[in-house]
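Everything below concerns the one structure shown next.
The values are calculated or read from the model by the stated rules, or taken from the named source; none is laboratory data. As the structure is a prediction and not an experimental result, all values here were calculated from the model. Positions of Cβ are generated from backbone atoms using ideal geometry, with glycine treated the same way; all protein chains shown enter the neighbour counts.
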Amino acid sequence: MDVMPRLTRFGNGITAVDTEYVRPQMDASHIVQAGDRAAIVDTGPNTALPLILAALDGLEIPRDAVDYLFLTHVHLDHAGGAGALMRELPRAKAIVHPRGAPHLIDPGKLISGTRAVYGDELYSQLYGEILPIAPERLVIAQDGHRFDLGMRTFEIVHTPGHALHHLAIVDHGSKGIFTGDTFGLSYREFDTAKGPWVMPTTTPTQFDPGQLKASIVRLMQFRPRKLYLTHYSEVGDCARLANDMTDAIDEFVRIARASGMDLKRMRFDLRRLAHESLREHGCTMSAEAIDGILGKDFDLNAAGLAAWLEREAR
């Protein structure tokens, strides 16, 4: 049976591929074309492999025309399919943060850490077997590292805050930035006449509010026209979203400090904050529908904030 990926084609040779992780329009891989060469940003989980390969076919991009696989970080909803995809891209190099590279060469610790967050059953359902990448096919990208794709240049910016092994990719050709999770979650279901809505993601275990706010400031110094989030794809109104993210991070910190390490209270307050923010943004979805989209994020954000509080107390 033919695989039919959901594609969203933007200008400047950028196409979003819906990886169908958990649900539609939650997790995007991006394909960037520059002349007869191409790059891919993030992969989603292993189950997205046929979708990405079908997208390349649909865009008439030969597999040996893909020069780079940029990985914003090694969390498995971003890089779980990297090892499998690299086996299909004979010329590609995987571009990764120095802290992430060991986990791609030997994914054992990454697998065990993800199992600890999600549990064995859900882990197996979402991620399956994670394949390693041979060291010679990795490029460890330092801050400021530049990569040319045809006439297009990409610049790596280290962006800690969500994770210590996080980087963003500045696309100087389009004046866009592939932000991974640095700009949190902006699901298209929440778009209103006011534009996109955004919420931080503080998934365990390396969230740091000061680092995350500094990373946002640094990315905005490039004056991007568009941001490309893994969750989910293209957004504009970048300056407003940066301000909204900063305010929300401060609110997350306030909620965490007030919780007394009570995860239930923390989750309740995070949920209340999101619902109030969405109502102010003009969202008319029911509370049940909002919870259906964000419920797991409330759980993960509470756990990540608790991990940050524990580190801070040491």
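When residues in the range 201-245 are screened for being under 22 Å from His281 (Cβ atoms), loosely packed, with under 15 Cβ neighbours inside 10 Å and among the polar types (S, T, N, Q), 1 of them pass. Residue check: Glu155 meets all listed conditions (1) in a helix (DSSP H, G or I); (2) among the acidic types (Asp, Glu); (3) under 26 Å from Gln211 (Cβ atoms); (4) in contact with a Lys or Arg (Cβ under 7 Å, 6 or more places away or on another chain) but one, namely (1). Hey, does the range 257-273 have a residue that's among the polar types (S, T, N, Q), within 22 Å of Glu189 (Cα to Cα), touching a helix residue (DSSP H, G or I) at 6+ places or on another chain (Cβ under 9 Å) and surrounded by 13 or more Cβ atoms within 10 Å (Cβ to Cβ)? Within the range 257-273, not a single residue is among the polar types (S, T, N, Q), within 22 Å of Glu189 (Cα to Cα), touching a helix residue (DSSP H, G or I) at 6+ places or on another chain (Cβ under 9 Å) and surrounded by 13 or more Cβ atoms within 10 Å (Cβ to Cβ). Of the numbered criteria (1) more than 27 Å from Ile290 (Cβ to Cβ); (2) buried (at least 21 other Cβ atoms within 10 Å of the Cβ); (3) in contact with a Gly (Cβ under 8 Å, 6 or more places away or on another chain), the one Thr182 fails is (1).
Does the range 42-57 include one or more residues that are of a type in the set (S, T, N, Q), more than 23 Å from Thr159 (Cα to Cα) and in contact with a Phe, Trp or Tyr (Cβ under 7 Å, 6 or more places away or on another chain)? The answer is yes, given that some residue of the range 42-57 is of a type in the set (S, T, N, Q), more than 23 Å from Thr159 (Cα to Cα) and in contact with a Phe, Trp or Tyr (Cβ under 7 Å, 6 or more places away or on another chain). Cβ separations smaller than 9 Å between residues 6+ apart or across chains give the following pairs from the range 191-203 residues that are in contact (Cβ under 8 Å) with a residue 60 or more places away in the chain to residues that are of a type in the set (D, E, K, R) and in a loop (DSSP other than H, G, I, E, B): Lys194/Asp237; Trp197/Asp191; Pro200/Asp181; Thr201/Asp181; Thr203/Asp181. Taken over the range 1-41, residues that are under 14 Å from Ala55 (Cβ atoms), hydrophobic (A, V, I, L, M, F, W, C) and modelled with pLDDT of 95 or more amount to 12.
Of the residues examined, Val157 is not one that is touching a Pro at 6+ places or on another chain (Cβ under 8 Å), over 24 Å from Pro24 (Cβ atoms), of a type in the set (A, V, I, L, M) and surrounded by fewer than 24 Cβ atoms within 10 Å (Cβ to Cβ).
When only residues in the range 98-130 that are hydrophobic (A, V, I, L, M, F, W, C) and free of Cβ contacts under 8 Å to residues at least 60 places away in the same chain count, which is surrounded by the most Cβ atoms within 10 Å (Cβ to Cβ)? Among them, the one singled out is Leu104.
Restricting attention to the range 101-139, the residues that are in a helix (DSSP H, G or I), of a type outside the set (A, V, I, L, M, F, W, C) and under 21 Å from Val66 (Cβ atoms) total 3. Taken over the range 274-289, the criterion of being in contact (Cβ under 8 Å) with a residue 24 or more places away in the chain and surrounded by 15 or more Cβ atoms within 10 Å (Cβ to Cβ) is satisfied by Ala274, Ser277, Leu278, His281, Cys283, Met285. Among residues that are farther than 23 Å from Thr192 by Cβ and either at pLDDT below 95 or not basic (Lys, Arg) (or both), Phe252 is not included. Within the range 25-60, the set of residues being among the β-branched types (Val, Ile, Thr) and under 15 Å from the mean Cα position of the chain (by Cα) comprises Ile31, Ile40, Val41, Thr43.
When the residues of the range 1-35 are filtered to those that are assigned to a loop (DSSP other than H, G, I, E, B) and acidic (Asp, Glu), the one that is surrounded by the most Cβ atoms within 10 Å (Cβ to Cβ) is Asp27. Looking at (1) surrounded by fewer than 21 Cβ atoms within 10 Å (Cβ to Cβ); (2) at positive phi, find the lone condition where Ala193 falls short. Only one criterion in (1) surrounded by fewer than 21 Cβ atoms within 10 Å (Cβ to Cβ); (2) at positive phi is unmet by Ala193, namely (2).
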